[in-house]
Amino acid sequence: MGDDRCGPNRIITADFNKDDNLDLAVTNFRYGYIGVIYGDGEGGFGSFQNYPTGDGANSVASADFNMDGNLDLAVTSHYENFVSILHGNGAGDFPERYDYPIGEWATEIAVVDFNTSPLIETELEIEIIGGFGTHMVIRNIGDECAYNIDWNAEISGGILGRINKSDDGYIGMLPADSEIVVDLPFIIGLGLLDMTVTGSASNVETASWTKKGIILLFFVII
């Protein structure tokens with residue numbers, strides 16, 4: 001008799017391409033792959049992509065296994081006795097696959113942090129630089145990568161307090177001894193400015209920077 005798990009077997013939902021819409025990941029037991037189907041946010045699912053795994057693709061789980069800010073997939077192989085880890089790139093693709101041997105007849109899978117070891121901390125430095133327009137610089141001045149960085153910038157002031165700009169964003173990873181420059185919303189005006197920026201990450205204490213500046217039409221002096 002054939003195995004009754006001959007086609008689509010297990011399914012999970014997650015936002016694999018960061019478009020704020022839920023996607024699907026479905027294992028195919030017979031053909032040994034996992035299919036990722038992208039949701040449109042209106043209950044429909046359009047394009048899809050298949051990724052090979054071991055024969056008898058069975059259970060599936062998702063988590064950020066390499067701490068790069070992108071969801072990855074873990075799939076058990078019922079017949080080849082390993083678990084496949086497919087690393088996501090945040091755009092919905094899983095270009096890298098690594099197989100790890102496990103016991104025979106692998107079926108279920110779960111994601112748990114068993115060793116609860118703290119991440120190695122690093123250090124962020126953050127500031128706004130002036131000139132024509134305003135730009136924020138985030139620097140990793142530590143010895144380890146910084147992961148899952150959330151930043152926020154607030155600029156206010158000018159004559160009659162007419163300037164009130166804010167912006168925020170996310171950076172998945174910033175390598176050690178590197179920096180990234182972010183363009184902030186364009187401002188125009190005259191007078192004094194109050195500027196505050198903050199940045200936090202999963203393995204970094206919150207960094208903040210507050211200063212006053214002067215805006216002369218398009219040009220910002222700090």
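Summary of computed values
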item: Length released on extending from Lys165 to Asp93, taking residue separation times 0.36 nm less the Cα-Cα span; result: 22.4 nm
item: Relative contact order computed over the chain (Cα-Cα under 8 Å; 6+ residues apart), in percent; result: 13 percent
item: Most positive-pole-ward Cα, Val112, Leu24, Val75, against dipole of segment 14-116 from beta carbon charges; result: Val75
item: Inter-site label distance for Asp150 and Phe219 at 7 Å from Cα along Cβ, in nm; result: 3.8 nm
item: Relative contact order (%) - segment 27-130, alpha-carbon pairs under 8 angstrom, separation at least six; result: 19 percent
item: Listed residues Ile149, Ile188, Ile171, most fluctuating in the chain (Gaussian network, C-alpha, under 10 Å); result: Ile188
item: Among Val182, Phe65, Pro8 the positive-end extreme of the charge dipole of the chain (Cβ point charges); result: Val182
item: Heavy atoms of Tyr79 accessible to a 1.4 Å probe, total area in Å² rounded to 10; result: 100 Å²
item: Leading residue at positive end of dipole, the chain (Cβ point charges), from Trp209, Ile171, Ile37; result: Trp209
item: Two-site FRET efficiency, Ser178 against Phe132, from Cβ-Cβ distance with R₀ of 22 Å, rounded to 0.05; result: 0.35
item: Probe 1.4 Å - accessible area at Met173, Å² to nearest ten; result: 90 Å²
item: Most mobile of Leu86, Leu22, Leu192 in a GNM of the chain (Cα contacts under 10 Å); result: Leu192
item: Relative packing of peptides 49-55, 203-209 - highest average C-beta neighbours within 10 Å first; result: 49-55, 203-209
item: Using a Förster distance of 35 Å, the FRET efficiency for Tyr100-Thr206 (Cβ separation, nearest 0.05); result: 0.50
item: Heavy atoms of Lys165 accessible to a 1.4 Å probe, total area in Å² rounded to 10; result: 80 Å²
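The values are calculated or read from the model by the stated rules, or taken from the named source; none is laboratory data. The shown structure was predicted, so the numbers you read here are calculated from the model rather than taken from an experiment. For neighbour counting, all protein chains shown are included, and Cβ atoms are generated from backbone atoms with ideal geometry for every residue, glycine included. Remember, those area values only see protein heavy atoms, side chains included, never the ligands or the DNA or RNA. Shrake-Rupley method; radii C 1.70, N 1.55, O 1.52, S 1.80 Å.
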